[in-house]
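J.: What follows is a single structure, and I will ask about it in a moment.
Since every read-out is calculated from the coordinates, none of them should be taken as a lab result. No experiment lies behind these values; they were computed from the predicted model shown. Cβ: placed from backbone, ideal geometry, glycine included. Neighbour counts: every protein chain shown.
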Amino acid sequence: MFLPFNGPVGEELGWRGYVLPKLQQRRGPIIASLAIGTIWGIWHLPSFFDPASVQASLGLVFLIPFMVGTIANSVIMTWLYNRTKASVLVAGIIWHAATDFWAPMFLADFSIAAGPGGTLTVNQTLYAIVLAILAFVAVILTILTKGQLGYRGTTHSSI
């Protein structure tokens, strides 16, 4: 379910607005991205047991790929954050909201309607392709930026 004030706003004020600048300054952008992505993935673990969620539609077999996706997204969002002069709005809230809105529509063959039993049916093949693309982009960003992901030292958090 798309809840911009629940997921994108609430989570991103914490992940990108508070944790990322502090962790990135102490450990660097890659470690910060990996740590936030891992915790972010674990944060969503209860969704795998909510019949109305995309995660439940995929099943627990997709837990590890889902984690790879959250980590890849975290790397991409760190790069966006650093390239937008620490904009939580652009790097976190807008990216997260766009993902939350478009992913279920795209992955469920452009149907936002729930399937039988009130559960969303997600095309697992499309999901795997999207995860592979996210991981590829994250790796390319890491290579092209030599692991800096646009980080230039001290950042100033802004919305």
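J.: Taking θ as phi - 60°, what are the ³J(HN,Hα) couplings along region 87-98 by the Karplus curve (6.51, -1.76, 1.60), each to the nearest whole Hz, with x for Gly and Pro?
T.: Values, residue by residue: 8, 5, 4, 6, 6, x, 5, 5, 4, 4, 5, 5 Hz.
J.: Pop out the ³J(HN,Hα) list for region 12-22 in order, Karplus 6.51 cos²θ - 1.76 cosθ + 1.60 with θ = phi - 60°, rounded to Hz; leave Gly and Pro as x.
T.: So the J values, rounded to whole Hz, are 6, 4, x, 5, 8, x, 10, 6, 4, x, 5.
J.: So if we plug the beta-carbon distance of residue 42 and residue 13 into 1/(1 + (r/R0)^6) with R0 = 25 Å, what FRET efficiency do we get, rounded to 0.05?
T.: Efficiency computed from Cβ-Cβ geometry: 0.85.
J.: What residues from region 57-88 fall in the zone where the backbone N is under 18 Å from a label point 7 Å along the Cα-to-C-beta line of residue 132?
T.: 62-70, 72-73
J.: May I pose another question? Counting only the backbone N, which residues of region 15-38 are under 18 Å from the spot 7 Å out from the Cα of residue 146 toward its beta-carbon?
T.: 28-31
J.: Taking the mean number of other Cβ atoms within 10 Å as a proxy for protection, how do you rank 137-147, 82-92 from highest to lowest?
T.: Ranked by mean Cβ neighbours within 10 Å, highest first: 82-92, 137-147.
J.: Follow-up question, since we're still on this one. Would you list 33, 53 from fewest to most Cβ contacts within 10 Å?
T.: Final ranking by Cβ density, sparse to dense: 53, 33.
J.: I would also like to ask the following. Applying 1/(1 + (r/R0)^6) with R0 = 41 Å to the Cβ-Cβ distance of residue 34 and residue 123, what FRET efficiency is obtained, to the nearest 0.05?
T.: Between residue 34 and residue 123 the formula returns 0.90.
J.: In 5 Å bins starting at zero, report the fraction of Cα pairs in region 8-144 per bin as a rounded %.
T.: 2, 11, 19, 24, 20, 13, 8, 3, 1, 0
J.: OK, next. Can you give the direction-averaged projected area of the convex hull of the alpha-carbon atoms in region 23-62, in nm²?
T.: 3.1 nm²
J.: Okay, moving on. How much length is gained on full extension from residue 105 to residue 27, taking 0.36 nm per residue of separation minus their Cα-Cα distance?
T.: Extra length available between residue 105 and residue 27 comes to 24.4 nm.
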